Structure formats: structure tokens, C-alpha cells
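K.L.:
Sharing a structure, written as C-alpha cells. Questions coming.
The values are calculated or read from the model by the stated rules, or taken from the named source; none is laboratory data. Note that the coordinates shown come from a computational prediction; the quantities given were computed from them, not determined experimentally. Glycine gets a Cβ as well: all are built from the backbone with ideal geometry, and neighbour counts include every protein chain shown. Note: areas computed on protein heavy atoms with side chains; ligands, DNA, RNA excluded. Shrake-Rupley method; radii C 1.70, N 1.55, O 1.52, S 1.80 Å.
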Amino acid sequence: MSSKRSDNGFFQHQARKRFGQNFLVDHGIIRQIVRAIGPQSGEHLVEIGPGQGAITSSLIESGARLDVIELDRDLIPMLRVQFEQHAGFRIHEADALSFDFSTLADNEDTKLRVVGNLPYNISTPLIFHLLAHRHLFQDMHFMLQKEVVLRLASGPGDKNYGRLGVMAQYYCDIEDLFDVPPECFRPAPKVMSAIVRLTPHAQLRWPANNEARFAEVVKLAFQQRRKTLRNALKPLLEQMDAQTLDVDLSLRAEQLKVPDFVHLANQIEAHLSP
Ligand code: SAH
């Protein structure tokens, strides 16, 4: 057990590295984050990793409904004591990586708003998991390592540009909102953090004919980002007459914009599944 009731009745919790625990302690930053989210009564929020409730209490005060998903069972009792008397508050002791978010959705009109100071060790797989559920979400606000925010928001010609950015931008609008320095947390992480907003497009801007093919092309292309498309995409291209593709295969993945990837994937798809 890493939580126990101390003499004065409060729970004490030793932060755990295994769960990526860096608790927010700076009240100015907490206010800034909640202002950026702007929760309203009548909305339905989901917080991933509430921890000791640094953001949770402000989210509840807005009058919005709130579901929280916390993996560390030692944190559950203090969350119950602090918040459970609020109507519309629910705790899920679960792993957000395998959580089925569709079980929280009420109806088509009230979409979920996801919030989380995410555990940095699982942020990329968690973002991919959430992108798979994107139709349920109005928006998502995350605290991430600054580097991951740059990867989400960057475009061609940027060293941070890669699979994560292309896939996130295919589905969402990305806004890098503001930086959060290490001293706002306890324990302090080694890296700079930032708050990012992802807003799923109501209508995809550049819909691919086959999204699985699009995802496959993007993954293959960036697996060997220094190679030309001709080489990186060999496993797919050798199944067709690549000469007939209306794409410059001497380019490298990092030179292609999101709609260029869609065009490329559509061309390959047309050849493989005519
Ligand atoms: N929101 C709090 C805590 C952030 S630390 C704050 O800002 O202070 C990250 C939190 O995510 C921790 O509470 C950790 O236990 C939790 N967590 C880690 N892995 C998780 C997972 N897979 N699913 C859900 N919560 C997780």
C-alpha cells in the first residue's frame, strides 16, 4: 500500500513512477488549464488519471457530469471520500488504455469531453486508443510532454513530424495551448510539458477511401523515414505496377502533407482492391 491515513485523517500518497505519477501542485496552472477547458454544467466530462484530484475538483464545481478513470487502486479511496457525494460523479478503477469509452456515452447529442494530465509513459498508445473512439468526443485536452505536443502539431519539414502527427491531424484539429514547466508538478518531471487541445473534425477534411490502408501506408512510410517512399513502401508497391501511380515515389515520408498521404493511400488502394 502506498496510501495510508495519517494522524490528521488525510490520505498520504507516495507518487509512483510505474503509473507515471507527476501531480500538479501549482494552483495558477491548474486554473489556467480549467479555463482552457471551460467546462459547463450540462456537459459530460471524462478525466483520465485524476490522481489526487488536482483538476478534478474544479471540473466538478462547473456542474458538469464527470467520470474519472484511475488505474492506481490506492488512489481510489481518497477520490471517493473527496468527490463521491457529488451527483453525476463516477469513479472507474480501470486502465484507460483498454477502457471502452462507448460505455460512457449517453446519446449522440452529448458528446464526451476528455481531459487528462496523462501518464507520459503511455501517452502515445493512449492517444491512438482515443482516436479510435473519436466519434464519441467533442474535444480532448491533454497535458503531455512538450515533445509529444510538438509531434502532434507539426507538419512537413519539422523533425517532430511523424506518424502520430499525421494520424492525429487526419482526425482532429490540434492546438498547442501553453507550456507547463517542471516545477508545477510534484515530483517534478525532467522535461517541459504542454497543454494541447484535440478537436475531432465533424467531417473529415481529406477522407481516405480505406482508413486501414491509409494508416498502414503512414506507418510503413515513417518506419523508415529517411528512405524514399519507393523503398519504405516496398511491401505494398511490389504487389502492383508502381509505375502507374500518380505519386512521386522519390519523396520521403517527412515531405508529405496529410492530404498527400491520403492521395497516396487512395492510389495504392485502387491498385490493390480495384
Ligand atoms: N491528474 C492528476 C494526476 C496526474 S499523474 C494531476 O494532475 O495531479 C497521472 C495519473 O494517471 C496518475 O494518477 C496515475 O495513477 C494515472 N494512470 C497511470 N496510468 C493509467 C492508466 N493506464 N489508466 C488510467 N490512469 C492511469
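K.L.:
On the basis of being at positive phi, touching a residue at least 12 places away in the same chain (Cβ under 8 Å) and in the same structural domain as GLY38 (by TED's automatic domain parsing), does GLY165 make the cut?
P.N.:
The answer is no for GLY165.
K.L.:
Take the residues in the range 100-121 that are near the ligand (Cβ under 9 Å from one of its atoms), part of a strand (DSSP E or B) and not β-branched (Val, Ile, Thr), then tell me which one is least open to solvent (accessible area, probe 1.4 Å).
P.N.:
This residue is GLY116.
K.L.:
Looking at ILE55 and the list (1) buried (at least 19 other Cβ atoms within 10 Å of the Cβ); (2) more than 12 Å from the ligand (Cβ to nearest atom); (3) closer than 22 Å to GLY20 by Cβ, which single condition is not satisfied?
P.N.:
(2)
K.L.:
Name the single residue, out of those in the range 133-178 being open to solvent by less than 60 Å² (accessible area, probe 1.4 Å) and of a type in the set (Gly, Ala, Ser), that is nearest to the chain's Cα centre (by Cα).
P.N.:
My answer is ALA168.
K.L.:
Another question about this same structure. Just to verify a result, which residue in the range 75-99, among those that are touching a residue at least 40 places away in the same chain (Cβ under 8 Å) and near the ligand (Cβ under 9 Å from one of its atoms), is farthest from ILE122 (Cα to Cα)?
P.N.:
LEU75
Quick grid of which residues meet (1) over 25 Å from GLU254 (Cα atoms); (2) at pLDDT 95 or above; (3) not β-branched (Val, Ile, Thr):
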site: PHE137; (1), (2), (3): yes, yes, yes
site: VAL148; (1), (2), (3): no, yes, no
site: LEU152; (1), (2), (3): no, yes, yes
site: PRO156; (1), (2), (3): no, yes, yes
site: LEU164; (1), (2), (3): no, yes, yes
site: MET167; (1), (2), (3): no, yes, yes
site: CYS172; (1), (2), (3): no, yes, yes
site: PHE178; (1), (2), (3): yes, yes, yes
site: PRO182; (1), (2), (3): yes, yes, yes
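K.L.:
Condition first: at pLDDT 95 or above, open to solvent by less than 70 Å² (accessible area, probe 1.4 Å) and not in a helix (DSSP H, G or I). Now tell me which residues in the range 83-99 satisfy that.
P.N.:
PHE89, ILE91, HIS92, ALA94, ASP95, ALA96, LEU97, PHE99
K.L.:
Considering only residues that are hydrophobic (A, V, I, L, M, F, W, C), open to solvent by 40 Å² or more (accessible area, probe 1.4 Å) and under 20 Å from SER154 (Cβ atoms), which ones fall in the range 231-274?
P.N.:
LEU251
K.L.:
Does PRO125 satisfy the condition of being part of a helix (DSSP H, G or I), surrounded by fewer than 18 Cβ atoms within 10 Å (Cβ to Cβ), at pLDDT 95 or above and more than 12 Å from the ligand (Cβ to nearest atom)?
P.N.:
Taking the combined requirement at face value, the residue does not satisfy it.
K.L.:
Quick one: is ILE29 assigned by TED's automatic domain parsing to the domain that holds SER193, touching a helix residue (DSSP H, G or I) at 6+ places or on another chain (Cβ under 9 Å) and within 13 Å of the ligand (Cβ to nearest atom)?
P.N.:
Yes, satisfied.
K.L.:
Further question: Hey, among GLY42, GLY53, which residue is outside any helix (DSSP H, G or I) and within 28 Å of GLU183 (Cα to Cα)?
P.N.:
Being outside any helix (DSSP H, G or I) and within 28 Å of GLU183 (Cα to Cα) holds for just one of GLY42, GLY53, which is GLY53.
K.L.:
Restricting to the range 15-35, name every residue that is in a helix (DSSP H, G or I) and closer than 13 Å to VAL180 by Cα.
P.N.:
Matches in the range 15-35: HIS27, GLY28, ILE29, ILE30, ARG31, GLN32, ILE33.
K.L.:
Is there any pair linking a residue in the range 223-247 that is more than 14 Å from ASN266 (Cβ to Cβ) to one that is in a loop (DSSP other than H, G, I, E, B) and at pLDDT below 90, with Cβ under 7 Å and at least six apart or on different chains, and which?
P.N.:
Every condition considered, no pair remains.
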